[in-house]
1. From Cα pairs below 8 angstrom and at least 6 apart in sequence, can you work out the relative contact order of the chain, rounded to a whole percent?
2. Span-like helices, the chain: DSSP H, alpha-carbon axial extent 24 Å or more, mean Kyte-Doolittle -1.0 or greater, which ones?
3. Using 7 Å Cα-to-Cβ label points, what is the residue 101/residue 9 separation (nm, one decimal)?
4. In terms of the Cα gyration tensor, with a ≥ b ≥ c the square roots of its eigenvalues, is the range 46-95 rounded because a/c is under 1.5, prolate because a/b exceeds b/c, or oblate?
5. Testing the spin-label approximation: label points 7 Å from Cα along Cα→Cβ at residue 125 and residue 32. State their distance in nm.
6. What shape does the range 10-57 have by the C-alpha gyration tensor, where a ≥ b ≥ c are the square roots of the eigenvalues, rounded means a/c under 1.5, and otherwise prolate means a/b greater than b/c and oblate the rest?
7. For every helix of n ≥ 4 consecutive DSSP H residues, a contribution of -39,500 (n - 2.57) applies; sum these over the chain, divide by its total residues, and give [θ] at 222 nm rounded to the nearest 500 deg cm²/dmol.
8. First obtain the Kirkwood hydrodynamic radius of the range 10-107 from its Cα pairs, then insert it into the Stokes-Einstein equation at 37 °C and 0.692 mPa s, and state the resulting D in µm² per second as a whole number.
Amino acid sequence: MDAIFRSLADPTVRGLYLALCLAVLILPMMALAWWYHSAIGKTAGGRDLMKAQADIGVPGRHNLVGSVHALWRAIALGRGVSAGRYGEPARRLQSGVYWATGVWLVANGVLFGILILADSVNRAAN
């Protein structure tokens, strides 16, 4: 681990590692969104779900009450999917998205944690 920390003190390696961290931060979520939107519309329940989501809409920029109301409606949609209201394929897709997001969060925590830890170790060494 010490070798990793020392190598991250080099600005070139640090820049490349930071680029990797940013790619892991952005690219998987783009792929997940594409996968979700392409798969959810293939079933009748998924199309009903997307229609219900579109009906929630986006509240105005400074509309706190509308934003809170939209959040509660979105949570209710998620609970409906979990309960199977939109069919088993939508429920399985939602479960897959939850798992993928969890793995993504852990990966980001590890990658950025290593960077933060390396900064602390290298700062203490100087």
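The values are calculated or read from the model by the stated rules, or taken from the named source; none is laboratory data. Not measured: the values here are computed from a predicted model. In this analysis, Cβ positions are derived from the backbone assuming ideal geometry, glycine residues included, and neighbour counts consider all displayed protein chains. Areas reflect the complete protein model, heavy atoms only, side chains present, ligands, DNA and RNA absent. Shrake-Rupley method; radii C 1.70, N 1.55, O 1.52, S 1.80 Å.
1. Working: 75 pairs, mean separation 46.7, N = 126.
Normalised by residue count, the contact order of the chain is 37 percent.
2. On the way: long enough: 11-40 (43 Å, 1.40); 64-82 (27 Å, 0.95); 88-125 (55 Å, 0.61).
Within the chain the helices that satisfy the rule are 11-40, 64-82, 88-125.
3. Spacing of the two 7 Å Cα→Cβ label points: 4.0 nm.
4. Details: a/c = 3.46, a/b = 2.29, b/c = 1.51.
Since a/c reaches 1.5 and a/b is larger than b/c, the shape of the range 46-95 is classed as prolate.
5. Result: 3.3 nm between the two label points.
6. On the way: a/c = 9.09, a/b = 3.46, b/c = 2.63.
Cα axes put the range 10-57 in the prolate bin.
7. Values: 5 runs with 106 residues, N = 126.
Rounded to the nearest 500, the figure is -29000 deg cm²/dmol.
8. Working: Rh = 15.6 Å.
It comes out at roughly 211 µm²/s.
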